[in-house]
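**Q** Dropping a structure here in structure tokens format, bear with me for questions.
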Ligand code: SAH
Ligand code: SF4
């Protein structure tokens, strides 16, 4: 294609922060400031992504948007709806990479579970994403897009977002933090900071950065074991960041933000479901006042779900503990006065539960 030689950068619209929009609109395009607010209003408020539909903008400004920016929307490859109303979406990015997102819709409480990476490099033994390998970090725009497209499909706002889809958000902290700034900004999506939860396998420097982050979001730590020997078996990341360092970072977060930390504990039969481990966990996290989500292991099986399969069938050889074992672990938590809930996963019939997101990495 021939050009006149004048090169312009094509701005990735969904990756732009509010400040970047303002700079672009005012300094580069010589338009009044309120035009940036109008553009953000269309994208984040009305989910209008095509500038032809941004009817209150001048023709000149719409032309600038057309020639100098692009809203890169992932393509929806698949959408599945579970019997309990949970929806799972498979998206394809421009380079062919695929990620999944989950929408949990309750009466007046909706949560978007979004991905931060294509796959995950951390290879936790119980996790479908981790077993599938790693592609790349998602851009801020690709993270934000998952949320906006689900809101668009739902036809109303989603109140909560959790970074519990594919990937380790704190290995992609620059883009994850930027996506949070975008979703939180009052002129953009205006989603409350406390409605955002970042779940991490324990990336210590990332937890410290999150503690210092200007948007006070919630932290969820995937602990799964209270001692290094056991944790390293389940989560190779523990070889890099030991429990002592992790707990220190959690204490720092607590001190800085005052926010209660959630601890995720996936119960796997015979591996980490001994009630004695609950006592060890209590000692480890002493004084932190955490809230524990006990998640009975979801069998990981990338084949389409088969209702005739026994509930413990699993490709990885790991099993979900019996109800009696789950109860025994929970009563230890009760004895220790640790607040907890057992997370009965939603959307298991469409493999939309924690750790079952596998996508397809290209
Ligand atoms: N990488 C981040 C966030 C994504 S994983 C993290 O590890 O925290 C989101 C949650 O799903 C984590 O708590 C993870 O431990 C849990 N999970 C992974 N595989 C699971 C499985 N098979 N059954 C139940 N929970 C699982
Ligand atoms: Fe990665 Fe989280 Fe899965 Fe571990 S549990 S492999 S950190 S996505």
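**Q** Of all the residues that make up region 321-335, how many are in a loop (DSSP other than H, G, I, E, B) and surrounded by fewer than 17 Cβ atoms within 10 Å (Cβ to Cβ)?
**A** Number satisfying all stated conditions: 1.
**Q** For region 112-137, which positions are within 18 Å of residue 197 (Cα to Cα) and either surrounded by fewer than 20 Cβ atoms within 10 Å (Cβ to Cβ) or within 13 Å of ligand 2 (Cβ to nearest atom) (or both)?
**A** Correct list: 113, 114, 115, 116, 117.
**Q** When you scan region 153-251 for strands (runs of 3 or more DSSP E) that lie fully inside it, which ones turn up with 3 or more residues that are surrounded by 22 or more Cβ atoms within 10 Å (Cβ to Cβ)?
**A** 196-200, 218-222
**Q** Filter region 46-72 down to the residues that are in a helix (DSSP H, G or I) and surrounded by 15 or more Cβ atoms within 10 Å (Cβ to Cβ), then identify the one that is modelled with the lowest pLDDT.
**A** 51
**Q** With respect to residue 145, is the statement that it is away from ligand 1 (no atom under 16 Å from the Cβ), in a helix (DSSP H, G or I) and not assigned by TED's automatic domain parsing to the domain that holds residue 18 true?
**A** Judged against the criteria, residue 145 is a match.
**Q** Output yes when any residue across region 310-317 is within 24 Å of the chain's Cα centre (by Cα), closer than 25 Å to residue 81 by Cα, at pLDDT below 95 and surrounded by 13 or more Cβ atoms within 10 Å (Cβ to Cβ), and no when none is.
**A** No, region 310-317 contains no residue that is within 24 Å of the chain's Cα centre (by Cα), closer than 25 Å to residue 81 by Cα, at pLDDT below 95 and surrounded by 13 or more Cβ atoms within 10 Å (Cβ to Cβ).
**Q** For region 336-362, how many residues meet the condition of being modelled with pLDDT of 95 or more, out of contact with any helix residue (DSSP H, G or I) (no Cβ under 8 Å at 6 or more places or on another chain) and more than 28 Å from residue 110 (Cβ to Cβ)?
**A** Of the residues in that region, 1 qualify.
**Q** Report every pair of residues separated by at least 6 positions or lying on different chains whose Cβ atoms are under 9 Å apart, first residue within region 235-249 and under 15 Å from residue 261 (Cβ atoms), second in a loop (DSSP other than H, G, I, E, B) and more than 12 Å from ligand 1 (Cβ to nearest atom).
**A** Going by the 9 Å Cβ cut-off, the qualifying pairs are 243/226; 243/227; 247/285; 247/288; 249/241.
The values are calculated or read from the model by the stated rules, or taken from the named source; none is laboratory data. Because the structure is a prediction, the values reported are computed rather than measured. Counting neighbours? That spans all protein chains shown, and the Cβs are built from the backbone with ideal geometry, glycine included.
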